[in-house]
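Step one of this worksheet: look at the structure below.
The values are calculated or read from the model by the stated rules, or taken from the named source; none is laboratory data. All of these numbers come straight from a predicted model, not from anything done at the bench. Counting neighbours? That spans all protein chains shown, and the Cβs are built from the backbone with ideal geometry, glycine included. Only protein heavy atoms, including side chains, enter the accessible area calculation; ligands, DNA and RNA are left aside. Shrake-Rupley method; radii C 1.70, N 1.55, O 1.52, S 1.80 Å.
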Amino acid sequence: MKVIIGLAAASLFVAIAAHPLRAEPLRSIGEVSDALGKCWTPPAGIKDSFVTLKFGFRGNGTLMGPPQPTAIRVTGDADQRKAFVAAATEALQNCMPLEFTQELAGEIAGNVFTLQFYSAD
């Protein structure tokens, strides 16, 4: 299972690995990536697939609006494609709100991010 988050303006991309849940506010983009990666469980039976979502954060750790797909490659039929995109969108939305340090909140609020969700193949 792999998720990548990038800050579009700075072309920053960070790979995700599973880490224990944090009880403290998130302090860096890497910690945001880790937190978001814990929310993703790829749908069963879909392999060699990904979807990239575009979104922004408010300083309070919520999304500025619904995530928007920007790139989709899902093997299978239209129903599998729809299920994969819906699962990624729901994973991101269900992960909110995140808790940021005051410094991180000021740095990332209003910026455009991309997040890539991969199948479990």
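Order the following by accessible area, largest value first: Met96, Met64. Probe radius 1.4 Å; ligands, DNA and RNA are ignored.
Details: Met96 35, Met64 100 Å².
Accessible-area ranking of Met96, Met64, largest first: Met64, Met96.
Going by amide H atoms built from the backbone, whose H comes under 5 Å of the H on Leu26, apart from near neighbours?
Sorted by chain and number, the residues that satisfy this are Glu99, Phe100, Thr101.
Whole-Å semi-axes of the range 47-115's equivalent ellipsoid, largest first, each the root of 5 times a Cα gyration tensor eigenvalue? Show your work: numbers first, answer last.
Values: eigenvalues 151, 23, 15 Å².
Working from the Cα gyration tensor, I get semi-axes of 27, 11, 9 Å.
Could you list which residues have their amide H under 5 Å from that of Phe57, counting only those 5 or more apart in sequence or on another chain, with H placed in the peptide plane?
Amide H neighbours of Phe57, under 5 Å, 5+ apart: Met64, Gly110, Asn111.
Kindly report the accessible area of the range 64-121 per residue (heavy atoms of protein chains, probe 1.4 Å, no ligands, DNA or RNA), in Å².
Values: 3250 Å² over 58 residues.
It amounts to 56 Å² per residue over the range 64-121.
Which FRET efficiency value, to the nearest 0.05, do you get for Arg73 and Ser28 by plugging their Cβ-Cβ distance into 1/(1 + (r/R0)^6) with R0 = 25 Å? Show your work: numbers first, answer last.
Working: r = 29 Å, r/R0 = 1.16.
Using R0 = 25 Å, I get an efficiency of 0.30.
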